[in-house]
Amino acid sequence: MLLAVETIDTFYGWSHILFAVSLTIDEGEVVSLLGRNGAGKTTTFRSIMGLTPPASGAIRFRGEIISGQSAYLIARKGIGYVPSGGRLFGELTVLENLTVVARTPVEMPQARLWTLDRIFDLFPVLKVRQKQLANSLSGGERQMVNLARTLMMNPELLILDEPSTGLSPLVLQHIGQQILRLKEHGLSILLAEQNAKFGMSLAERSYVLDKGEIRFAGTTRQLTENQELMHTYLAV
C-alpha cells in the first residue's frame, strides 16, 4: 500500500469538514475522488499534504505515519501536489518555473527520473514556450506547467486537484492523455474531480465524497453501473 488515509476527521476552526474519511492507493494505480463542489475533496488533499492536518485518524505513506508532519517534509517523502488553479511564478519563464523546484531523489532509479527532456516529450508545447514568461501563457498551458513543475520534483505519488478546471474540451482531452501516459511510466495518481466523467475515464477505482463523507468506494465499473448513486451524488 502506497498511501492509506485512515478514518480522518478534519476541521476548519469549529467547522467539521471531513467525517471518518478513508481511502487507499497502491503503486502504479490511478484513483479518482469524485464529488460536487464543496464535498470535501480539496480538504482531503490538504489533510494528506499537512496543510490542514486532521484532528483524528491517521495518514500513512509507505507505512509511515505522515499526518501531523509539516507540508515540506511530506513533499520531500515523495508526494507531489498540484492544487486546483495552482500558481506559477508569473515573472519567471516556463523553463525557470520548471528548474527552480527540480529535485533528484538519490534512491530513485535513473530510468524513472523526470528530466527536462522527458517533460518536453510529454508536453511538446512547453519546449516551444520555454523562454516565455509564465504569466503570458494560456490557461491550458499554465495547467501543463503546473503539472510539469510538480513532476520535476520526481514524486512517487502525484495528487491532482480538479485538473479539468477551466480547460477547453480539446485541452482537457490532451491533459487526460498525458495523465494516462504518466500511469504507463509507473506513477501513482490520486485525482479529485467535479467532472465525474473525466475522473472516471482515467481511474481504475473511484471514491465518491459528499458532505465530507465517503458514499462509495469500489471499482469505476461498479460506480458506472450504479446509476442511482451517480445521479444522487454526482448529478450524472
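Which value in Å does the Kirkwood hydrodynamic radius of the chain take, with 1/r averaged over all unlike C-alpha pairs and then inverted? Answer for the chain: a Kirkwood hydrodynamic radius of 18.1 Å.
Between residue 184 and residue 224, the C-beta separation translates, for a Förster distance of 22 Å, into a calculated FRET efficiency of about 0.45. Secondary-structure-derived ellipticity at 222 nm for the chain, considering helices only, amounts to -9500 deg cm²/dmol, per-run term -39500 (n - 2.57) for DSSP H runs with n ≥ 4. Three semi-axes describe the equivalent ellipsoid of segment 53-182; taken as square roots of 5 times the Cα gyration tensor eigenvalues and ordered largest first, they are 26, 17, 14 Å.
Return a single number: how many Lys pairs in segment 110-236, at a sequence separation of 8 or more or on separate chains, have alpha-carbon atoms below 30 angstrom apart.
5
Remark: spin-label model distance residue 117-residue 99 equals 1.6 nm, labels positioned 7 Å along the Cα→Cβ axis.
Taking label points 7 Å from Cα along the Cα-to-Cβ direction, residue 91 and residue 73 give a separation of 3.3 nm. Taking amide hydrogens as placed 1.01 Å from N in the peptide plane, the amide H of residue 161 sits under 5 Å from those of 82, 84, 192, each at least 5 positions away in sequence or on another chain. Under the convention that each Lys and Arg Cβ holds +1 and each Asp and Glu Cβ holds -1, the size of the dipole of segment 3-234 around its Cα centre is about 460 debye.
Each reported figure results from applying straightforward, stated rules to the coordinates on display, with no laboratory input. Here the structure is a predicted model, which is why all the values come from computation and not from measurement. Here Cβ is always computed from backbone atoms with ideal geometry, including for glycine, and neighbour counts include all displayed protein chains.
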